[in-house]
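Heads up, the thing below is written out as structure tokens.
Coordinate-derived values only; no laboratory data. Small disclaimer: the values here were computed from a predicted structure and weren't measured. Cβ coordinates were reconstructed from backbone atoms using ideal geometry, including for glycine residues, and neighbour counts include every protein chain displayed.
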Amino acid sequence: MSAHESEWTLRRLSAGELAAAEAARVQAHATSCTVCGPALRELQQEQARFETAVPFERFEAGVERAVQRQRRSESFRAPPRRWVATTVAMAASVLVVLLVRPLLGDVGRETGTNRIKGGAVAELRIGGGLGPQREARPDAPEALEPGERVMLGYQADGHRYVAAVSVDAIGEVTPLHPESGTSPAVESGTDMHWLPDSWELTGSGAERVVLVLLDAPLPVDTLVDAAKRAFQAANGDVEHMAPLDVPGEQTHWVLLKP
Ligand SMILES: [Zn+2]
């Protein structure tokens, strides 16, 4: 029996995933242990740095815009959107520390980003629920908790336009960015840029999110059609769709709705 707690246990403690009795025991050990105490603090600081990179007001601003858009669309009696905006009270205090998804492996963990080929990067950030912010990996489905929202970020690395869509379990495709028209230009600069909105997925089951970085503008309808074709080609299995038949670099994530 080891004298110290494993990193995995400390991460689970941080994430609030331990049962009360065990949490108390591990916390008590970490408080008095010169090895586990600093390790626990380092995990908490790591998460704080991760979250500082995406100020949460960005999520909140996205919520505001989405709510306004929702009101507009309701006034036009548009069909209900599956990505429904809700006013989530985002208490920054509960979002500060804590790491979830322990031991997912090293892919994308070191930098917190997903590097596409070349220098382009796409990232899907989950936040806005009661749990900590985290990044979804492109290669494994990520479960969402109730109330959690999604933001999309990119480093364009020379690509000039950006667009994003989602596909739900019954093949309904929603243009996320832009909602209509043609893919807008990327923001200038080499930093990570976040799309201005955040989204909450409604309904249940899996949903695929695709972000595309392009060298020429692409009508979002073309992207939607390509997503529908890919869904059909996968025999309606949204979790196992092939890349969309569009130019540019694309990144896919699969999210499992609560
Ligand atoms: Zn210890």
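Once the range 12-52 is narrowed to residues that are in a loop (DSSP other than H, G, I, E, B) and within 10 Å of the ligand (Cβ to nearest atom), the residue that is surrounded by the most Cβ atoms within 10 Å (Cβ to Cβ) is CYS33. Residue pairs whose Cβ atoms lie under 9 Å apart, sitting 6 or more positions apart in sequence or on different chains, and linking a residue in the range 230-248 that is under 25 Å from ARG160 (Cβ atoms) to a partner that is of a type in the set (Phe, Trp, Tyr), are GLY248/TYR161. Being among the small types (Gly, Ala, Ser) and under 30 Å from ARG49 (Cβ atoms), is that true of even one residue in the range 203-212? Within the range 203-212, none of the residues are among the small types (Gly, Ala, Ser) and under 30 Å from ARG49 (Cβ atoms). Going residue by residue through the range 195-203, is there one that turns out to be over 23 Å from ALA143 (Cβ atoms) and surrounded by fewer than 22 Cβ atoms within 10 Å (Cβ to Cβ)? Yes. Filtering the range 1-11 for residues that are within 28 Å of GLY129 (Cα to Cα), surrounded by fewer than 15 Cβ atoms within 10 Å (Cβ to Cβ) and either among the hydroxyl-bearing types (Ser, Thr, Tyr) or over 33 Å from the mean Cα position of the chain (by Cα) (or both) leaves a non-empty set.
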